[in-house]
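Visitor: The structure is given below, and queries will be raised subsequently.
The values are calculated or read from the model by the stated rules, or taken from the named source; none is laboratory data. Please read all numbers here as calculations on a predicted model, not as lab measurements. Don't worry about glycine lacking a Cβ; one is built from the backbone with ideal geometry, like all the others, and counts go over all protein chains shown.
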């Protein structure tokens, strides 16, 4: 009975050690997802010490020691695997062997076996993909229980004289089995709780980070301005629960939410030296409120005491800061610090992305502008030449052609981001066609067949004209015989199709490259109607080139 | 009066040019052509003094056309184009002048002066033109461009010049002389050009004449005069 009591004392020491261990930096090696070689060394040191300590805390009984030495190797084996378990067992075992006594060899051997049992459990669980049970106290209990029974058996088998061994086992079996098993289970349950807590904190903060990210990304797609900055600051304030949140650009505060908003007002120039330094040096600055404090430059009564200043940048240019404040009576949580930095990094990336998107749109617009500006000089001068020639024969027709030419140029000057109806697009194209028909009076036929119900369909301006011009520039003007151009618009299967055909059957791959008319039309259609719309080209050499515009009908109510 | 030929793929451009040439009183318009093939035919038939030539035309452009004109028939050339991106190239091709559409009357009168000077000095224009890589042929009312590498031989006869390929015979407006000068086809007979790359065997006959068998089995005569040149060329 006394032995059991003494052993419970020893076990209590272990529990205290377990608690201290969990609070120490060494414990980090267990919270990581993958155990590194370095972590293994730490584990080896911790559990070997535990094993040796178990021997020293033991109770001398009949020239032997009733002890809790097995806890170290069993736990090391379960947590770190067979190699670590055996290594710890070997260390504890050799140490025990060096102390002598008639059970020196058998106890030493049993300690090694205890490590192997722990390792066996680890191996078994890992192989069955049930590693989550590694930190289960029940498993630790059973493993230590088994290891101790084995130890008793080893003593009986190896230690001589046999009678002494029997007497010893009778005395120590129950207390040792009970205390080692209970100790291992308790130790493991403390480790598990601590580990779970670390996991939970990580889970909470990442959930928070995701939530902030989700809520802010949409806002930020519109870029940073006074309105979005306020919305952004509100979200960060709500989600982190810090005292106050400020967003600044390079010169002034653009949003301030939370405590101290009575004197921290949007529009104020940046006054805090911390912010100025953060912007100038493009680095994160933190005043924890203890040694370094935040001194409000505006009011002595300001409750704010600690601050985190994170620069917001696009590429390497600082465009402003995001700041998190806590008042005097609250500690600035480490979690919020990490969160603040992470969110700002995320927002910076998002800003970069939205700038990229904007530039891409600008590029398409300017490509189109360029295309319009590049009114084919051949077309212009040949048209004028034709009109001059027609003037000799038919003044009325000449006047018509001039009106078509001016209509064509007027439509060309329309703003590129406008939308037009199919009817307006056809009007533009018609002016162009009238002139081309005059130029190739003797050898050009134009056939137009439009489903009248599609005339009100909305299209990006300049969808049709570049395609028709292309049919002439790269198609009909390259044939010697009769040229035929066909323009059709019809609907099938809930989609609208516009086909532009020429009978030249010439198609150059480069027409679908960036910067070419067809490619730009395709990009703009996809930008407006989504990926189910666009331009496709088919070509039968020397017979027909067909350019097809496809638009899903449900995406616009006509 | 200078005999002028107008080549332009636009009908009103041709009409306008004709009207302006007539207004100067210096020209007799011998013909108007809508493409290069019509132009070659008209040049061979009408032998004009001056060509008013559009650069941008379907299939065969103005520069390529120049390479297809027999040197002995080469008229003076005035390029007429809507846009001046070809000006430099035009002068590289020894064009006499370069007019922009719409053509101004005063500008055209300067061209007339240049032409007159050219004809009083009587220096024949020299155009080298690009080599002919594709021979324009007429095939059942269509224009067919035949790669010179695909031609087995070319034959000239009463019906005109025919290009013979493994898959058939095609009529062309180009002369035997211009094809000999501007392609890698070799003269083997007064009326024949042969593509050495498609020769299967050369059968020597008596009297220093020979026959060439082409890869598709056609037989082409080799005259005494050209057999010697072929031998030198082929080292046999």
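Visitor: So, of the residues in region A:468-488 that are part of a strand (DSSP E or B) and surrounded by fewer than 20 Cβ atoms within 10 Å (Cβ to Cβ), which turns out to be farthest from the other protein chains (Cβ to nearest Cβ)?
Guide: Here is the first cut: in region A:468-488, the residues part of a strand (DSSP E or B) are A:483-488.
Next, only the ones that are surrounded by fewer than 20 Cβ atoms within 10 Å (Cβ to Cβ) stay: A:484, A:486, A:488.
On the way: A:484: 14, A:486: 19, A:488: 25 Å.
Selected residue: A:488.
Let's see how each residue does on (1) free of Cβ contacts under 8 Å to residues at least 12 places away in the same chain; (2) farther than 14 Å from residue A:249 by Cβ:
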position: A:274; (1), (2): no, yes
position: A:278; (1), (2): no, no
position: A:287; (1), (2): no, yes
position: A:291; (1), (2): yes, yes
position: A:303; (1), (2): no, yes
position: A:306; (1), (2): no, yes
position: A:315; (1), (2): no, yes
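Visitor: Given the structure, is residue B:46 surrounded by fewer than 19 Cβ atoms within 10 Å (Cβ to Cβ) and more than 14 Å from chain A (Cβ to nearest Cβ)? Please lay out each step first, then the result.
Guide: Working: surrounded by fewer than 19 Cβ atoms within 10 Å (Cβ to Cβ): yes; more than 14 Å from chain A (Cβ to nearest Cβ): yes.
So residue B:46 passes the test.
Visitor: To continue, here is another question. Looking at region B:69-82, which of its residues are away from chain A (no Cβ under 14 Å), closer than 26 Å to residue B:12 by Cβ and assigned to a loop (DSSP other than H, G, I, E, B)?
Guide: Matches in region B:69-82: B:69, B:75.
Visitor: Still on this structure, I have one more. Out of curiosity, is residue B:202 out of contact with any helix residue (DSSP H, G or I) (no Cβ under 6 Å at 6 or more places or on another chain), in contact (Cβ under 8 Å) with a residue 60 or more places away in the chain, in a strand (DSSP E or B) and surrounded by 14 or more Cβ atoms within 10 Å (Cβ to Cβ)?
Guide: Details: out of contact with any helix residue (DSSP H, G or I) (no Cβ under 6 Å at 6 or more places or on another chain): yes; in contact (Cβ under 8 Å) with a residue 60 or more places away in the chain: no; in a strand (DSSP E or B): yes; surrounded by 14 or more Cβ atoms within 10 Å (Cβ to Cβ): yes.
Considered against the rule, which asks whether it is out of contact with any helix residue (DSSP H, G or I) (no Cβ under 6 Å at 6 or more places or on another chain), in contact (Cβ under 8 Å) with a residue 60 or more places away in the chain, in a strand (DSSP E or B) and surrounded by 14 or more Cβ atoms within 10 Å (Cβ to Cβ), residue B:202 comes out as no.
Visitor: Pull up region A:396-440, narrow it to residues that are free of Cβ contacts under 8 Å to residues at least 12 places away in the same chain and within 14 Å of another protein chain (Cβ to nearest Cβ), then point me to the one that is nearest to the chain's Cα centre (by Cα).
Guide: Checking each candidate, the answer is A:437.
Visitor: Based on what the data block shows, is residue A:351 touching a helix residue (DSSP H, G or I) at 6+ places or on another chain (Cβ under 8 Å) and within 14 Å of residue A:315 (Cβ to Cβ)?
Guide: Numbers: touching a helix residue (DSSP H, G or I) at 6+ places or on another chain (Cβ under 8 Å): yes; within 14 Å of residue A:315 (Cβ to Cβ): yes.
For residue A:351, the condition - touching a helix residue (DSSP H, G or I) at 6+ places or on another chain (Cβ under 8 Å) and within 14 Å of residue A:315 (Cβ to Cβ) - is met.
Visitor: Examine region B:32-40 for a residue that is touching a strand residue (DSSP E or B) at 6+ places or on another chain (Cβ under 8 Å), within 20 Å of residue B:134 (Cβ to Cβ) and away from chain A (no Cβ under 14 Å), and state whether such a residue exists.
Guide: No: region B:32-40 contains no residue that is touching a strand residue (DSSP E or B) at 6+ places or on another chain (Cβ under 8 Å), within 20 Å of residue B:134 (Cβ to Cβ) and away from chain A (no Cβ under 14 Å).
Visitor: Which one of these is touching a residue at least 40 places away in the same chain (Cβ under 8 Å) and touching a helix residue (DSSP H, G or I) at 6+ places or on another chain (Cβ under 8 Å): A:190, A:219? Please lay out each step first, then the result.
Guide: Working: A:219 fails: touching a residue at least 40 places away in the same chain (Cβ under 8 Å).
Answer to the check: A:190.
Visitor: Give the residue that is farthest from the other protein chains (Cβ to nearest Cβ), with candidates limited to residues of region B:91-113 that are out of contact with any helix residue (DSSP H, G or I) (no Cβ under 8 Å at 6 or more places or on another chain) and part of a helix (DSSP H, G or I).
Guide: Initially, region B:91-113 is screened for residues out of contact with any helix residue (DSSP H, G or I) (no Cβ under 8 Å at 6 or more places or on another chain), giving B:91-92, B:94-95, B:104, B:106-107, B:110-111, B:113.
In the following step, the residues that additionally are part of a helix (DSSP H, G or I) were identified as B:91-92, B:106-107, B:110-111, B:113.
Numbers: B:91: 20, B:92: 21, B:106: 15, B:107: 13, B:110: 19, B:111: 16, B:113: 23 Å.
It comes out as B:113.
Visitor: From the residues in region B:3-28 that are away from chain A (no Cβ under 14 Å) and surrounded by 20 or more Cβ atoms within 10 Å (Cβ to Cβ), which one is farthest from the chain's Cα centre (by Cα)? Full working, then the answer.
Guide: Restricting attention to region B:3-28, the residues satisfying the condition of being away from chain A (no Cβ under 14 Å) are B:3-5, B:24-28.
From what is left, the residues that are surrounded by 20 or more Cβ atoms within 10 Å (Cβ to Cβ) are B:4-5, B:27.
Working: B:4: 17, B:5: 14, B:27: 23 Å.
Looking at residues that are away from chain A (no Cβ under 14 Å) and surrounded by 20 or more Cβ atoms within 10 Å (Cβ to Cβ), I get B:27.
Visitor: Also, quick follow-up: For region A:133-151, indicate whether the set of residues that are part of a loop (DSSP other than H, G, I, E, B), modelled with pLDDT under 85 and over 23 Å from residue A:8 (Cβ atoms) is non-empty.
Guide: Checked against the condition, which is being part of a loop (DSSP other than H, G, I, E, B), modelled with pLDDT under 85 and over 23 Å from residue A:8 (Cβ atoms), region A:133-151 yields no hits at all.
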